[in-house]
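One structure is given below, encoded as structure tokens.
What follows is calculated from the coordinates using simple rules that are stated; it is not laboratory data. Owing to the predicted nature of the structure, the values given are computational and were not obtained by experimental measurement. Positions of Cβ are backbone-derived with ideal geometry, glycine not excepted, and every protein chain shown enters the neighbour counts.
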Amino acid sequence: MYEAGGFIPARFYFQRTYNIRKVSRESDRFMKQITVETHRKMEMINITRKVEDALREQSFSDGFVYLWCPHTTAGLTVNEGADPDVATDIISALQRLVPDGGYDHAEGNSPAHVMSTLTGQSLMLRAEGGKIVLWGRWQQVFFCEFDGSRTRKVLFKTVSEA
């Protein structure tokens with residue numbers, strides 16, 4: 001194993017990896033949770049209001065909001081929310097990019113894993129006055145479901161300005 005500054009003996013690499021996993025399993029203690037109910041196999045759900053409600057509950061005003069989706073078949077993105085056809089078009093485009101079939105994963109949901117990788121699992125957003133800074137009515141925060149329907153969660157952490 002190589003890390004900046006030199007090689008790391010394997011025993012240290014595995015210990016470091018274990019510690020990172022241990023912390024991430026306990027992330028619910030350090031991060032707040034937003035619950036998202038999905039109703040279709042694939043859909044984009046606008047969660048902007050849920051995020052802003054959670055910020056108000058914490059009396060959070062200015063700084064940054066880190067959002068993380070802990071699911072491997074879902075993701076997060078910022079995109080246009082004024083026209084619902086945009087979300088439909090994004091799902092359609094992802095389905096064309098990531099076809100069904102031809103995967104080794106036995107569960108049959110490999111396309112959902114690939115789409116999740118394409119959208120990403122996290123967002124870092126600016127907040128001012130308890131609201132997420134987005135470009136007018138056009139930009140919104142979306143939870144992207146690729147293997148629904150399910151009850152999902154989005155974890156978030158706020159970082160105040162100094």
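Listed values, structure above:
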{"item": "Phi-based couplings in Hz for the stretch 147-155 (Karplus 6.51, -1.76, 1.60; Gly and Pro marked x)", "result": "8, x, 8, 7, 9, 10, 9, 10, 9"}
{"item": "Gap separating the Cα centres of the stretch 134-162 and the stretch 56-111, nearest whole Å", "result": "9 Å"}
{"item": "Long-range amide H partners of residue 141 with built H, under 5 Å", "result": "47, 48"}
{"item": "³J(HN,Hα), Karplus 6.51/-1.76/1.60, whole Hz, each residue of the stretch 117-134, x for Gly, Pro", "result": "5, 5, 7, x, 9, 9, 9, 10, 10, 7, 10, 9, x, x, 10, 6, 7, 10"}
{"item": "Neighbour-limited loop hits for chymotrypsin sites (Phe, Trp or Tyr not before Pro), the stretch 30-82 (at most 11 other Cβ within 10 Å; DSSP other than H, G, I, E, B)", "result": "30"}
{"item": "Amide H within-cut-off set for residue 134, under 5 Å, with H built and near neighbours excluded", "result": "none"}
{"item": "Phi to ³J(HN,Hα) by Karplus 6.51 cos²θ - 1.76 cosθ + 1.60 over the stretch 57-62, Hz, x for Gly, Pro", "result": "4, 8, 6, 8, 10, 10"}
{"item": "Sparse-neighbourhood loop sites, trypsin sites (Lys or Arg not before Pro) in the stretch 121-162 - DSSP loop, at most 10 other Cβ within 10 angstrom", "result": "137"}
{"item": "Relative contact order of the stretch 38-120, defined on C-alpha pairs under 8 angstrom at six or more residues apart (%)", "result": "37 percent"}
{"item": "Loop-resident sites, the stretch 61-142, for GluC sites (Glu not before Pro), counting at most 10 other Cβ within 10 Å (DSSP)", "result": "107"}
{"item": "Ordering of 35-45, 138-148 by burial proxy (mean other Cβ atoms within 10 Å per residue, highest first)", "result": "138-148, 35-45"}
{"item": "Local electrostatic count at residue 77 - Lys and Arg +1, Asp and Glu -1, tallied over other residues with Cβ under 14 Å", "result": "-4"}
